[in-house]
Every structure is written in C-alpha cells, then in structure tokens.
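Taken together, the values in this text are just the output of simple stated rules run on the coordinates, not laboratory data. On a predicted model such as this, the values are computed, not experimentally measured, just so you know. Cβ atoms come from the backbone with ideal geometry, glycine included; neighbour counts cover every protein chain shown.
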Amino acid sequence: MQQAKPKPGILDKRAEIIAGLQAILPERAVIGDNISLKPYETDGLSAYKQMPLAVVLPETEAHVVAIMKFCNLHGVRVIPRGAGTSLSGGALPMADAVVIGMMRMNKILDINYADRYAVVQPGVTNIAITQAVQDEQFFYAPDPSSQLACMIGGNVSMNSGGAHCLKYGVTANNLLGLRIVTIEGEILEIGGKQMDAAGYDWLGLITGSEGQLGILTEVTVRILRSPEGARAMLAGFASNEVAGQCVDAIISSGIIPVALEFMDKPAIHACEDFAHAGYPLDAEALLIIEVEGSETEQSEMLARIRDICAAYHPVSMRVSQTAEESAAIWKGRKGAFGAVGRISPDYLCMDGTIPTSELPNVLKRIQAMSDEYGLKVANIFHAGDGNLHPLIMFDANDAESFHKAEAFGADILKLCVEVGGCLTGEHGVGIEKRDLMSVQFTPSELDQQRRIKSAFDPAWLLNPSKVFPLSGLAAAE
Amino acid sequence: MQTNFTAAQLEKPEIAVANNILRTCVHCGMCTATCPTFVTIGDELDSPRGRIYLIKDMLENDRAASQEEVLHLDRCLSCLSCMTTCPSGVDYMHLVDHARVHVNETYQRPLTDRLLRGVLAQILPYPKRMRAALNLARLAKPFAFLLPGESMLIKRMRAMLNLAPAKMPAPQSLGGTVHKAIGRHNGRVALLAGCAQQAIGPSINTATIELLNRLGIEVVIPEAAGCCGALVHHMGRHDEALEAAKRNVNAWSDGAEYDAIIVNTSGCGTVLKDYGFMLRDDAMAAKAAAVSAKTMDISEYLLKIYEPTSVPPDITVAYHAACSLQHGQKITAAPKTLLRKAGFKVVEPKDPHLCCGSAGTYNIMQPDIAASLRRRKLDTLKAKSPDVIAAGNIGCLTQLAGDGIPTVHMVELLNWMAGGPKPAALNGV
C-alpha cells in the first residue's frame, strides 16, 4: 500500500510542532516520543502501519479548536482517531500528520427521554449509549460488532451499521445533530434535536465523510423504546448456497426480522470456541435470525420463518428459550472477527454489499477464489442487508501470503460491484478501498466528491490519504 | 498480528512464548473498552492493546525497558479484564508477566521507587513483619496529613498509612496446624493461610476453617507453606516468585493426600493455578502442575457441599467481584449462588468487570488511579443501597473499607448462616 508523500518541510519542523502543541494543551495530552507513538501506528487493520508525527489527546472542544487552528496555521495534516477499531484503516497515520485521539472526550452530555435523544461526545462508546438509557427501556439502535469498544465519533465518520440495522437502519438513519470543528477552527452546528433540518442534507454529507470534512465534537443520536422482547433462532444448512437462498426467500417474503446474520463453517467453529452458544457444529452454514415484539408477534413471525427455512432442508433449527441463551448467541456473533484469531494469526475483513438475490452466486464465487488463491476464507455477515464480510485468513509474517490476501480482497470487492453492489457496507473506504473507488465511480463522479472535500478543507489537511485514490491529494495540492 | 523476531531470538523459550501470544492478537481493540486504566486515562498506551504493542516493540528490538514503557506497564493492574473480553484468546497475563521480568532485569528505577519496592517485598509476604509494620503505620496514621507536598513518594506513603486498620486484630499463626472435621468426615484439604491476610484479616481464615470443619472437612495448613509469591511475581522479581512457588509446591506434595488446595484470597488463587506454567521448565514441573490442578477457590469448593442451617436475616449483600476471581480464574457465578443459597439478597454494582484499584500493591504504587477506581467502585456499589459489601479477596476488602459500608469476606457470611458467629464487621447492621 502506497503512502502519500510527506509535505515538504513538515518533518524537519517536528520538534517545533510538538513544542507548539504542548504549549496549547495540558500535560500528557501530547505524545511525541517514538516509543510511545508506536502503538498509534495502526488501528483495527493492523496489516498497514505508519508512525505519526505526534498524537494529541484533547479533553474539550476548546482543545480541538486550538489544535485545528495550530495545524491549519502550520499546514500540518490531521488524522482523527476514536477507539482505533477501523477495519478499513480509517485511523492509519501519515508520517507528517498529527493524530487527534478523541477517547478523552467520553462524556454523555444530555439524555432526553420525552423527545427521545441523547447528546454525547465523540469518544463515548457505542454500547455506552444504550447502557446509559436501558434502565428507562430505551436503546440506541445501530450495533456494530465492535460496539463494546468502537466510539460514536467513528461510527458517524464511517456511517457504521450492525446486525440490527436490517430493521433500524444504519448510523445515518439514527442521527439528529452534530457539532464539528473545521480545519480553520470554526464550530459548525449541523442538524439539531429533531428530524427536519432546513436546506441541504448536511447531516447526510458529514455522516460517512471519514474525518475528511471536520472533527466531530458532539453527536446527537436518536434513542428508541426497547422492544417488549426478542428471540433469536438458529438455523443450520447443508451448504452456503442453500443458506444464501434461504436468506433471499425470507427477505422476499416481506418479513423484516430485526437481524438476519450468516456464518459459514469456519466461523461457526471459531465462534463456538469463544462463546459456547450451542451453534450447530455439523452445519456448513448458519443463519441467526432474530425477531422482536410481543410474545404473540414473535411466535407468529418465528412460525413463518420456520416454514420458509423448512423448504431449504435445514440440518438443525433451534429457538433460544432464555435471555442467557440469546446473549450467548450474540456474544459469538459480535466477537466473530476476533474469534477468527483463534484459527488464523491474521485476517483481512472485507466489507462489500450485494443484492440479496446474488448471495448464493457470490458465495460460490468467493469459495472458488479461495481455492484459486490458496487462502482460507470465513464468512460472517449481515445477510439480510446483503452486507458481506468475508474474512480472508493469511499469515502476516509471510509477505507473499499477505499480498495474495490483498489481491483476493480486491477481487471480492470488484465482484460486489460487478453484480450491482457496492465496495463498502459499513466499514468505510479508509485506506483499504481507496484505490478501488475508481471501480465504483466514474472520473467525473469522483471529481465532484473531491470538490466537496476541497470546499471544507481547501489544503487537504484532514485525513487526506483516505477515501480517494492518491491522485486526488496530489491534484488538490 | 505480524511480529518481527529473528530466528535467533525465537530460540529463547520465553521469546517463543511471547511470540505465540502476540500472534494470537488480531489488534481488534475490544480489550480497550473494559480496561480500567483506559477508561480512566483515555490513552491507547494505557490499554491492553497499547501495552501489548509496547511490549512487542521492546522485545522485537531486544531493547532495555525505557521510562515510557515502564510507566504504562506499571499502570497495568493485572486485573485481566482484557482476557475476559478478548475474542481471540490472547494470553495477556503471561505476556505482561514476562514484560515485568524484562523491566526488572533491564531498567534501573529511581532510588525511592527501588527502596519502596524492596521494603514492600520484605514485609508484605511475612505476617509477623507485616503486623509490626501495620502497628507502626497505625501510630503514624493520625499524622499522615503532615506529610508535605504532592510528590509521588508522599502520595504513596499516605496511601500506605491509609491502608492500616483502625484496630489491630489479634495475631494469627496457622502454620503447622490441623483442624479436624466435626461429626463426620467428608474430606481433607490444605488451606493457603495467606500472608497479609493473617495479619489484617484473621477472621477470614477462622471462618473458612470453622465452616469446612462443620461440613465434615479436615483442614491442614502445612508448616512449610507460606506466601504464594504473587506480590514479588507482579513486581517482576522472577527468582523470588519461583522460590515461593517451589516452597509451596513441596509443602503440599509431601505425601499427605488432599482433595483440594483451598484458597480464600483469590489474588493468591490465580497465582497458585499458574504454578504449573511458572515451573514448566523446572524439575518440579509435574508436581507444580498437580498443585495447580488441585487448587480451588473456597467458593468453587463450597458450591457442592454448602448447606445453610440458620434463618437468614433481611440483609442486602452487594457482591463485589474480585478481578482475580472473575477474570483470573473465571469464577463468576459461584460466590453469588452461595450467598443466595445462604438466604441473602444479592445485588451487583454497575460495571462489575472494573477493578476496585486494590490489585496487590497497586493502591500504594499508583495512588491516584487506585483512588479514582476506588471511588467509582464505591459509588456504583452504594447506588444499590447494600447493608454490606462482600468479596472473595482481602485486597478488595481493605480497598473498599472505610466508606460507611461494612466489608466482609463472603465466607464469613456463609459461615454465619451455617452456625458460625455473626461477622464482627456487621455489628450494628
């Protein structure tokens, strides 16, 4: 993976830049020595590494404003970072950039149950929002698998999804307002505390902009009433294709389960080792189907789903009977990526979206590619949304294995585009899929997107090596 | 995760072990969320993933530990919450243990730091010295406010004085004693009497022995067994830790047959269960593994045999899960099941996975972080309006004491409901 060229003169002024940041921030808010910077050289996509110039850890919006003004004045690039769980390398540093870590801005500022919203700082973890409101029977709907650790600022920047987005939509559908600090250090209030915002859909623009338009300092999310109850069902199938056909049949029937998740055999085994959820170890593919509502609603929907599944000759079907059973089922699913660490030292987690009718075909072709490349693949994904997550297993201590994995990943994403889908589902483009953007978009479509970045950030200082092929950064400069 | 060790480096057994552990980590970052120091400080370097990365870089480059690495490794509580969270099964405990040995061998700490560590290592593992030190501390405690300044040393001195109990319990010396079962004979166990525990919490051992005897279990405390070695182990004082481990393994393998080796200080239990690994390359490896396999926390052992005999009072017990129990030994349900069986109403604080800040000598060495974690834990415990806080580890009980709610070891409550005396701490409840 090619890194952008450092800006002339910045590396030479490193000591000066660090001293300047120390002068405007509290003690231990600036990290500038090479030993301490090392753990910041990568994020959830650990195959890519780059040491940053420095790391700053602001505690307040005023700190963020000061950092942005300083970096803008000195022409220093800025890379925002939340929990560092990005699977597309969204927080990968640049040699001449300051990483701005938002994890100290982790306060919940306001909760309003009457109007159903919560105002939080960007460093609040996704799950902490639900934890803060669940005693009042509310929840925040988008639930990325890394929800325990990932932070809402990163969720907004990547427009994250999650298992339950089939019913509730992704981050963009659950946001009401944002505060961002521009590269000039100006504060913009976008959206508000209710649904409608006048004029352009600014909120939509900022959501998923991967830290390229400004730094988030406040996020207002919609919170929802918790359902009366929910139950998960496990259905095991004899092959990936049959399970894929079953997913399409469920969605086509008009049923919208709250979640419809897919795991193939390698994933089933790895997750069972971690979560002891009672997944069927003899099945080639497993669907986790969750329904919610009153007891009657749940039973009716489960009965219909069982009938549909039955037509695909499942090797096993089981409905969870207790809250503990459901918790174990979800623990396995949510920990799935990490759990693959039990069967392979490294993996690349791909993230593409396809029409659900293409599932059987695409899964078959991924398997063929896997044989061709000689690399194993585990499939764990949000099947209801057609959001694939093939995990390509490789050995990072073997350079050839890594290069093969990268090529295999690119082929999968190209396949997604070919069948009418998209390069990204919920992980963002980051550094990982930057060069594939030209497969998805025409040159003029890309140009128009770059002009939007330039309107917010004329000098391309904010996370500039991500999202677009590097030629975009070069042209802007 | 990728590692960069040379073939020559990998020939060293301890580097090979570290490499295998590092290769399990996929750098997903889940562990950060449940790490008490990351939650408190908000810096990747004070998270498990950050520490793993610091250790990786230090070992790969075969570099002496620097001030920065030591700062962040010292701040690790070894609560092992990260190991409960980790989906990939990264063996953080053995990695950080190894890193501490590396720090101890390659880093020269400032003089005051060295002296304090030396003093703690010379006092805490020895009940008599500990008792003498506590008596001195008790006398000095009223004057703690006179200690000038806010330097780390002064804060550590104050933290030490604050840990001294207001009243000194009667001395306890259990080494070499045998306590016969009452009425029936259902089994025979060895009990680790603990070191600091005999000095500051003798009622815990008394309650344990009484309860086991009444349940028909003979309790033996071999003369030769002593401190488990956890304290020096966590300081990276490898040789002293192994010496303690060997002494205990021998004491419990002298031919006497025990059904189990019982531990009622869960911090020690985690280390006993690790003797097999610690002595894996020693001639005693098999004996050590057998001792580890036989080690049981008192709550694990009681689960099958405990029977309450008294009518329970209307008391709400907040169960505080010691990290060594919930993360180190993965014992989560047994203590609560037992307390409920005894008839108590059991409540739990929010974020039960977070450490209270006790962590061996951590509350002395890292007084600021420990105080912040203590406050957080007490606030979440008190939010449940308990009459008493119960835990399975003396360190936690000392850390959480002195804030208006009595703290007792859960075995004292269980003994009370099985015919034993009401715990003294509960007088007035």
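How about the range A:345-444: which chymotrypsin sites (Phe, Trp or Tyr not before Pro) there lie in a loop by DSSP and see at most 16 other Cβ atoms within 10 Å?
Values: sites: A:TYR347, A:TYR373, A:PHE381, A:PHE394, A:PHE402, A:PHE408, A:PHE441; in loops: A:PHE441.
Sites meeting the loop and neighbour criteria: A:PHE441.
Using the Kirkwood radius over Cα pairs, work out the Stokes-Einstein diffusion coefficient for the protein assembly as shown at 37 °C and 0.692 mPa s, in µm²/s as a whole number. Mind showing how you got there, number by number?
Values: Rh = 29.4 Å.
Stokes-Einstein gives a translational diffusion coefficient of 112 µm²/s.
What residues have an amide H closer than 5 Å to that of B:GLY419, excluding those fewer than 5 places away on the same chain, when H is modeled at 1.01 Å from N in the peptide plane?
Hits under the 5 Å cutoff: B:THR309, B:SER310.
From the backbone phi of the range B:136-146, what are the Karplus-calculated ³J(HN,Hα) couplings (6.51 cos²θ - 1.76 cosθ + 1.60, θ = phi - 60°) in whole Hz, Gly and Pro given as x?
4, 4, 4, 5, 7, 3, x, 9, 4, 5, 6
Do you know the relative contact order of chain A, to the nearest whole percent, from alpha carbon pairs under 8 angstrom that are 6+ apart? Please list the in-between numbers first.
On the way: 1016 pairs, mean separation 68.9, N = 477.
Relative contact order of chain A: 14 percent.
In deg cm²/dmol, rounded to 500, what helix-only [θ] at 222 nm does chain A give when every DSSP H run of at least 4 residues adds -39500 (n - 2.57) and the total is split over its residues? Could the numbers behind the result be given before it?
Details: 17 runs with 169 residues, N = 477.
So the helix-based figure for chain A works out to -10500 deg cm²/dmol.
Using modelled amide H (1.01 Å from N, peptide plane; none on Pro or chain starts), what sits under 5 Å from the amide H of B:ILE217, excluding residues fewer than 5 places away?
B:ILE182, B:ASN186
Using a 10 Å cut-off around each Cβ of peptide B:28-41, what is the average number of partner chain Cβ atoms that fall inside? Write out the running numbers ahead of the final one.
Working: counts 18, 13, 13, 3, 9, 12, 2, 1, 0, 0, 3, 4, 0, 4.
Mean number of neighbouring Cβ atoms from other chains: 6.
Take peptides B:397-406, A:6-15, A:195-204 and line them up by average Cβ neighbours within 10 Å, highest first, as a rough protection proxy.
B:397-406, A:6-15, A:195-204
Using θ = phi - 60° and the Karplus curve 6.51 cos²θ - 1.76 cosθ + 1.60, what whole-Hz ³J(HN,Hα) does each residue of the range B:213-224 get, with Gly and Pro shown as x?
Values per residue, Gly and Pro as x: 4, 5, 8, x, 10, 7, 10, 10, 10, x, 3, 6 Hz.
Calculate the length of the line joining the C-alpha centroid of the range A:345-374 to that of the range A:1-64, in whole Å.
Distance between centres, Cα-based: 36 Å.
Tabulate in residue order the Karplus-calculated ³J(HN,Hα) for the range A:377-390, using 6.51 cos²θ - 1.76 cosθ + 1.60 with θ = phi - 60°, rounded to whole Hz; enter x for Gly and Pro.
9, 10, 10, 9, 6, 7, 5, x, 8, x, 9, 7, 9, x
Using the structure shown, select from A:LYS107/B:LYS382; A:LYS69/B:LYS350; A:LYS107/B:LYS377; A:LYS265/B:LYS56 the pairs with a Cα to Cα distance greater than 30 angstrom. Don't skip to the end; give the middle numbers.
Numbers: A:LYS107/B:LYS382 22 Å; A:LYS69/B:LYS350 40 Å; A:LYS107/B:LYS377 18 Å; A:LYS265/B:LYS56 32 Å.
Over 30 Å Cα-Cα: A:LYS69/B:LYS350; A:LYS265/B:LYS56.
In deg cm²/dmol and to the nearest 500, what is the mean residue ellipticity at 222 nm of chain B if only DSSP H runs of at least 4 residues count, each as -39500 (n - 2.57), divided by the residue total? Could the numbers behind the result be given before it?
Working: 24 runs with 215 residues, N = 429.
Only helices count here, giving -14000 deg cm²/dmol.
Of the trypsin sites (Lys or Arg not before Pro) in the range A:182-228, which ones lie in a loop per DSSP and count no more than 15 other C-beta atoms within 10 Å?
The qualifying sites are A:LYS193.
Counting only other chains, and only Cβ atoms inside 10 Å, what mean value do you get across the residues of A:102-114? It would help to have the intermediate numbers written out before the result.
On the way: counts 1, 8, 3, 1, 2, 0, 0, 0, 0, 0, 0, 0, 0.
Average neighbour count from other chains, rounded to a whole number: 1.
Order the peptides A:301-308, B:139-146, A:117-124 from the highest to the lowest mean number of other Cβ atoms within 10 Å of their residues. List each step's numbers first, then the result.
Values: A:301-308: 16.2, B:139-146: 11.8, A:117-124: 23.2.
In descending order of packing, they fall as A:117-124, A:301-308, B:139-146.
Cross-link candidates for B:LYS341: which aspartates and glutamates have Cα within less than 17 Å, leaving aside residues fewer than 8 places away along the same chain?
Answer for B:LYS341, where 17 Å is the Cα cut-off: B:GLU300, B:GLU307, B:ASP314, B:GLU412, listed by chain and number.
Within chain B, which cysteines find no other Cys whose Cβ is under 4.7 angstrom from their own?
Lacking a cysteine Cβ partner under 4.7 Å: B:CYS25, B:CYS28, B:CYS35, B:CYS76, B:CYS86, B:CYS356, B:CYS396.
Search the structure for amide H atoms under 5 Å from the amide H of A:LEU175, placed 1.01 Å from N in the peptide plane, and list their residues when 5 or more places away or on another chain.
Here the answer is A:ARG222, since their amide H atoms fall under 5 Å of that of A:LEU175.
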